[in-house]
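For reference, the structure is listed below as structure tokens.
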Amino acid sequence: MGKTSSPEIKNVEYGLEKIFTEAKDFLPLLGTDYVEFYVGNAKQAAYYYQTAFGFQPLAYAGLETGMRDRTSYVVAQDKIKLVFTSALHSDSPIGEHAKKHGDGVKVIALWVDDARSAFEETTERGAIPYMEPTVEKDEYGGTVRSGIHTYGDTVHVFVERKNYNGPFLPGYKEWKPDYNPPPVGLKFIDHMVGNVQLGQMVVWAKWYEVVMGFANFLTFDDKQIHTKWSALMSKVMANNNGRIKFPINEPAQGKKKSQIEEYLDFYEGPGVQHIAVATDDIIKTVRALRARGVEFLSRPPQAYYDEIPQRLGAHKDSFKEDIQSLQELSILVDADEDGYLLQVFTKPQEDRPTLFFEIIQRMGAKGFGIGNFKALFESIEHEQELRGTLER
Ligand code: FE2
């Protein structure tokens, strides 16, 4: 996996400036392009994300657009684009993926200026090809896409769309249903987290460094991330402009089964654990999501909210939110040297306890809420207990 001549992974001190100088620029990434889920029923999944999360209908591909093997619905909210795809026949890699993993993320697509160069640079460094550079055209122009495999059955697709002005990609037509619930204020993808098996975190962190030119932004070990029962380790990898952040988790030794092991058991391998989406007004966004039926993890105890002023430290005076509203909505607060952040986690959004969403509002803070990990993981363990998956 990758060439062995690359430098060893270093724990870069906290600070984006260092990331910018450490990360290589052979793979300039403009941002996340889209996230594609392989699901059992794309029509109903799209309806759920419209209804519950306020995503807006954008594009459709299926039998009516000349697609013979699949149906895809594309929904969008501000800069976030989600694609839900399901198979039309039993003999299909899409169906096989859904059978093995349940509904989950297949493609993390990255927006690039040059999809051919992205493919060459990454495969030259050891990435396994998923899609050779492919030109697709329709009346709105043309795109180039290419792709590589990452952890598990997940892939990265590089999307070059500078010569395209259609609704989504060639082959898709605009989707304009009469049903349009309003958005809830979700803006962009802040980070996407992958779960890998014990011992594989360093391997995949190194893969992102060597193959994609990412740098290690933060590392959390099991001494920092643990509860009475379980532990995990995490390395946050970031690209050189900081727009793409991929934390990689692995389980650590604990008395009971960790949430990462539970995920790996039910997803039947590594995969995307959560998608963190940013909002400018978390109280408003979470109120709307709850009203539409999105379920969140249980509220931390009173003591957690009593300790918020201490947790804020130097940022106590700039803190504007009403603690009572945060408590009512189970929103968590953490601070680092640059500011504070507000975050909350949904329950898994599928029948299997696999992928969930995080809603995050950054008020200067660049971290991931380490001060909340204990409260968060205790809430998750409570859910695991209800599912009977905390015991080994
Ligand atoms: Fe997160």
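Some values worked out for this structure:
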item	result
Dipole moment magnitude, nearest 20 debye, the range 31-174 about Cα centre, only Lys, Arg, Asp, Glu C-beta charged	340
Sulfur and carbon atoms: percent of accessible area, the chain [1.4 Å]	50
Dipole magnitude (debye, nearest 20) for the chain, charges at Cβ of Lys, Arg, Asp, Glu	240
The chain, helix-only ellipticity at 222 nm - DSSP H runs n ≥ 4, -39,500 (n - 2.57), divided by all residues, nearest 500	-7000 deg cm²/dmol
Residue among Val75, His156, Tyr48 farthest towards the positive dipole end of the range 31-174, charges placed on Cβ	Tyr48
Accessible area per residue in Å² at 1.4 Å probe, computed on the range 57-165	44
Compactness of the range 31-174 - radius of gyration and Dmax, Cα, Å	14.8, 43
The chain - share of DSSP beta bridges that are antiparallel (%, nearest 5)	80
Projected-area mean, the range 273-387, by convex hull of Cα positions, square nanometres	6.9
Fluctuation leader among Glu120, Glu139, Glu268 - the chain, Gaussian network, Cα springs under 10 angstrom	Glu139
Theoretical gain in end-to-end length, Glu337 to Gln44 [0.36 nm per residue, Cα-Cα removed]	101.2 nm
Label point distance in nm, Glu132-Gln56, each placed 7 Å from Cα along Cα→Cβ	3.9
Distance in nm between pseudo-label sites at Lys316 and Ala303 (7 Å out along the Cβ direction from Cα)	2.0
Solvent exposure ordering (accessible area, 1.4 Å, most first) of Arg392, Arg243, Arg290, Arg161	Arg392, Arg243, Arg290, Arg161
Highest-MSF residue in the chain out of Gln349, Gln50, Gln324 [GNM, Cα springs under 10 Å]	Gln324
Most to least accessible of Glu337, Glu209 (protein chains only, probe 1.4 Å)	Glu337, Glu209
Estimated vicinal HN-Hα couplings, Hz - the range 113-124 in sequence order (Karplus 6.51, -1.76, 1.60; Gly, Pro = x)	7, 9, 6, 5, 5, 4, 5, 4, 4, 7, 5, 4
Exposure ranking of Trp204, Trp111 by accessible area [1.4 Å probe, largest first]	Trp111, Trp204
Low-density loop positions, chymotrypsin sites (Phe, Trp or Tyr not before Pro), the range 155-187 - DSSP coil, at most 13 other Cβ in 10 Å	Tyr179
Options Asn241, Trp207, Gly141, ranked by Cα towards positive dipole end of the chain, top entry (Cβ charges)	Gly141
Gaussian network model of the chain, Cα within-10 Å springs - most flexible of Gly213, Gly66, Gly142	Gly66
Neighbour net charge for Asp103 - beta-carbon separation under 15 angstrom, K R +1, D E -1	+1
Surrounding net charge for Tyr130, when Lys and Arg each add one and Asp and Glu each subtract one, Cβ distance under 13 Å	-1
Listed residue pairs exceeding 21 Å between alpha carbons, taken from Lys176/Lys284; Lys99/Lys257; Lys228/Lys257; Lys173/Lys284; Lys79/Lys100; Lys223/Lys347	Lys176/Lys284; Lys99/Lys257; Lys173/Lys284; Lys79/Lys100; Lys223/Lys347
³J(HN,Hα), Karplus 6.51/-1.76/1.60, whole Hz, each residue of the range 69-77, x for Gly, Pro	10, 8, 10, 10, 10, 10, 10, 9, 8
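The values are calculated or read from the model by the stated rules, or taken from the named source; none is laboratory data. Since we're looking at a predicted model, the values are computed, not measured. Here the Cβ is made from the backbone with ideal geometry for all residues, glycine too, and neighbour counts use every protein chain on show. Heads up: the accessible areas ignore ligands, DNA and RNA and are worked out on the full protein's heavy atoms, side chains in. Shrake-Rupley method; radii C 1.70, N 1.55, O 1.52, S 1.80 Å.
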